[in-house]
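Trainee: Let me begin by handing over the structure; questions about it come next.
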Amino acid sequence: MREEDFIFKNPENKILDSSFVKVKSPSNIALVKYWGKSEPQIPKNASISFTLNNCFTSTILEYTKKENASKKPNIKVIFEGKEKEEFKPKIEKFFERITKYVPFISDYDYIIKTENSFPHSSGIASSASGMSALALGIMSLEKKLNAGISEEYFLSKSSFLSRLGSGSAARSIEGPLIVWGRHPKIENSSDLYGTVFPFKIHPIFENYQDTILLVDQGEKQISSTVGHNLMHKHPFAENRFTQANENLEKLTEVLIDGDIKKFIQIVESEALALHAMMMTSNPYFILMKPNTLKIINKIWDFRKRTNSNICFTLDAGANVHVLFPNREKKEADLFISNELISFCQNNKYICDSLGEGAEIVI
Ligand code: PMV
């Protein structure tokens, strides 16, 4: 689908009665990372992620017909029961960005009640789950106005709108494995929205586990927006984009044939490549903490000592995502609780696994 295909057409010019919709949308963890973009949120390379299950945002979008049609929508944001003025600018900007595609949003005022299943200051980025939940809520309004849209269009446009809120949010609408960014080996892949990995996944990756070790629950020192922008003049940028696209091609084969050793090698290398880009930006920065490295070394040591297929990946932060096949859960859980939890802030961690994506609750 092309960008123009996402512009809303409402032959009846219907306006809905005031009501609400409730949705939930998960976070995702990239295996091949997206780092670097051009306007409007077009990724410099293709990426692929696991959709998560237990880390999600629930959002109630209440919409009321506006008194004065010419005015901007009035938006009130309530996060975990408290009004949050500071969340408004990001959401208002998102609404401005998407109005071209969903002009009907200008007919209403909104109260957005939102909460995360994971602790707010856990260092887990809530932008993917939060923005995709909001996009799905808006798409559910579109469906009320035009019930004739296909399921495929609904999902693609939900991802398309999510992307305009936060790039990685494009990968949260569906699951369990989503590709975002055009790649010659993935048919129908697009820079504009995420698509489901189109091949049959080897059984070893079914119900794959992700235990998130919360190493640093503070605010990030560098936002991902700043980080992405630093890729513009980055000396290694072009090689990095080529590397990511090559890794996606290799990982595609691995996901089909189940070569878990190669999976580990690609996924860990991707995590370190992402952080290497941060460390070689100008200005440079480091998001890993001493305990991030301690955990990585423990994982490497455990793999050497045992036959384990446990591995790690990192997001734009200090937390470590520990990935392992479901069939190794018993040994992995034991290793994590005996040897890794002590490196987490307040011993906190979250057990997650592959999920199927966002849903409309009511
Ligand atoms: O969606 P953004 O703009 O917050 O970028 C997130 C990028 C990473 O999480 C670091 C990598 C990825 O592909 O999700």
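Quick grid of which residues meet (1) over 21 Å from Asn247 (Cα atoms); (2) of a type outside the set (S, T, N, Q); (3) out of contact with any Phe, Trp or Tyr (no Cβ under 7 Å at 6 or more places or on another chain); (4) not assigned by TED's automatic domain parsing to the domain that holds Ser127:
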position: Ala273; (1), (2), (3), (4): no, yes, yes, yes
position: Thr280; (1), (2), (3), (4): no, no, no, yes
position: Phe285; (1), (2), (3), (4): yes, yes, yes, yes
position: Ile295; (1), (2), (3), (4): yes, yes, no, yes
position: Lys298; (1), (2), (3), (4): yes, yes, yes, yes
position: Thr313; (1), (2), (3), (4): no, no, yes, yes
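Trainee: Turning to a different aspect of this structure: For Lys37, are the conditions met, namely being modelled with pLDDT of 95 or more and either of a type in the set (Val, Ile, Thr) or under 30 Å from Ser353 (Cβ atoms) (or both)?
Mentor: On the way: modelled with pLDDT of 95 or more: yes; either of a type in the set (Val, Ile, Thr) or under 30 Å from Ser353 (Cβ atoms) (or both): yes.
Criteria met by Lys37.
Trainee: For region 61-80, which residues satisfy the criterion of being exposed (fewer than 13 other Cβ atoms within 10 Å of the Cβ) and out of contact with any strand residue (DSSP E or B) (no Cβ under 8 Å at 6 or more places or on another chain)?
Mentor: Answer for region 61-80, where residues must be exposed (fewer than 13 other Cβ atoms within 10 Å of the Cβ) and out of contact with any strand residue (DSSP E or B) (no Cβ under 8 Å at 6 or more places or on another chain): Glu67, Asn68, Ala69, Ser70, Lys71.
Yes/no matrix, rows are residues, columns are (1) more than 14 Å from the ligand (Cβ to nearest atom); (2) closer than 24 Å to Ser166 by Cα; (3) assigned to a loop (DSSP other than H, G, I, E, B):
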position: Lys261; (1), (2), (3): yes, no, no
position: Ile264; (1), (2), (3): yes, no, no
position: Val267; (1), (2), (3): no, yes, no
position: Leu274; (1), (2), (3): no, yes, no
position: Leu293; (1), (2), (3): yes, no, no
position: Thr313; (1), (2), (3): no, yes, no
position: Gly317; (1), (2), (3): no, yes, yes
position: Arg327; (1), (2), (3): yes, no, no
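Trainee: Of everything in region 223-244, what is more than 11 Å from the ligand (Cβ to nearest atom) and open to solvent by 40 Å² or more (accessible area, probe 1.4 Å)? Give them in sequence order.
Mentor: Residues satisfying the conditions are His232, Lys233, Pro235, Phe236, Glu238, Asn239, Thr242, Gln243.
Trainee: Looking at (1) under 27 Å from Ser308 (Cβ atoms); (2) loosely packed, with under 15 Cβ neighbours inside 10 Å, which is the only condition Leu248 fails?
Mentor: The single condition Leu248 does not satisfy is (2).
Trainee: Any residue at all in region 146-159 that is away from the ligand (no atom under 16 Å from the Cβ), over 17 Å from Ala358 (Cα atoms) and of a type in the set (Phe, Trp, Tyr)?
Mentor: no
Trainee: Something else now. Could you count how many residues in region 20-36 are more than 20 Å from the chain's Cα centre (by Cα) and either open to solvent by 50 Å² or more (accessible area, probe 1.4 Å) or not assigned by TED's automatic domain parsing to the domain that holds Ser140 (or both)? Spell out the reasoning first.
Mentor: Filtering region 20-36 for residues more than 20 Å from the chain's Cα centre (by Cα) gives 20-21.
Narrowing the set further to residues that are either open to solvent by 50 Å² or more (accessible area, probe 1.4 Å) or not assigned by TED's automatic domain parsing to the domain that holds Ser140 (or both) leaves 20.
Number of matching residues: 1.
Trainee: OK, next. Taking the options Ile138, Ile149, name whichever one is in a loop (DSSP other than H, G, I, E, B), under 24 Å from Tyr101 (Cβ atoms) and β-branched (Val, Ile, Thr). Step through it out loud before you land on a result.
Mentor: Numbers: Ile138 fails: in a loop (DSSP other than H, G, I, E, B).
The conditions single out Ile149.
Trainee: Okay, next question. Being open to solvent by 40 Å² or more (accessible area, probe 1.4 Å) and basic (Lys, Arg) is the filter; apply it to region 161-209 and report the residue that is nearest to the ligand (Cβ to nearest atom). Reasoning before the result, please.
Mentor: Residues of region 161-209 that are open to solvent by 40 Å² or more (accessible area, probe 1.4 Å), as a first pass: 174, 182, 184-185, 187-188, 191, 196, 198-200, 202-203, 206-207.
From what's left, basic (Lys, Arg): 182, 185, 200.
Values: Arg182: 15, Lys185: 18, Lys200: 24 Å.
Ranking the candidates gives Arg182 first.
Trainee: Going by the structure shown, is Asp5 away from the ligand (no atom under 16 Å from the Cβ), open to solvent by less than 50 Å² (accessible area, probe 1.4 Å) and acidic (Asp, Glu)? Spell out the reasoning first.
Mentor: Working: away from the ligand (no atom under 16 Å from the Cβ): yes; open to solvent by less than 50 Å² (accessible area, probe 1.4 Å): yes; acidic (Asp, Glu): yes.
So Asp5 fits the description; yes.
The values are calculated or read from the model by the stated rules, or taken from the named source; none is laboratory data. Everything numeric in this text was worked out from a predicted model, so none of it was measured. Every residue, glycine as well, gets a Cβ built from its backbone with ideal geometry; the counts of neighbours run over all protein chains shown. Accessible surface areas use protein heavy atoms only, side chains included; no ligands, DNA or RNA. Shrake-Rupley method; radii C 1.70, N 1.55, O 1.52, S 1.80 Å.
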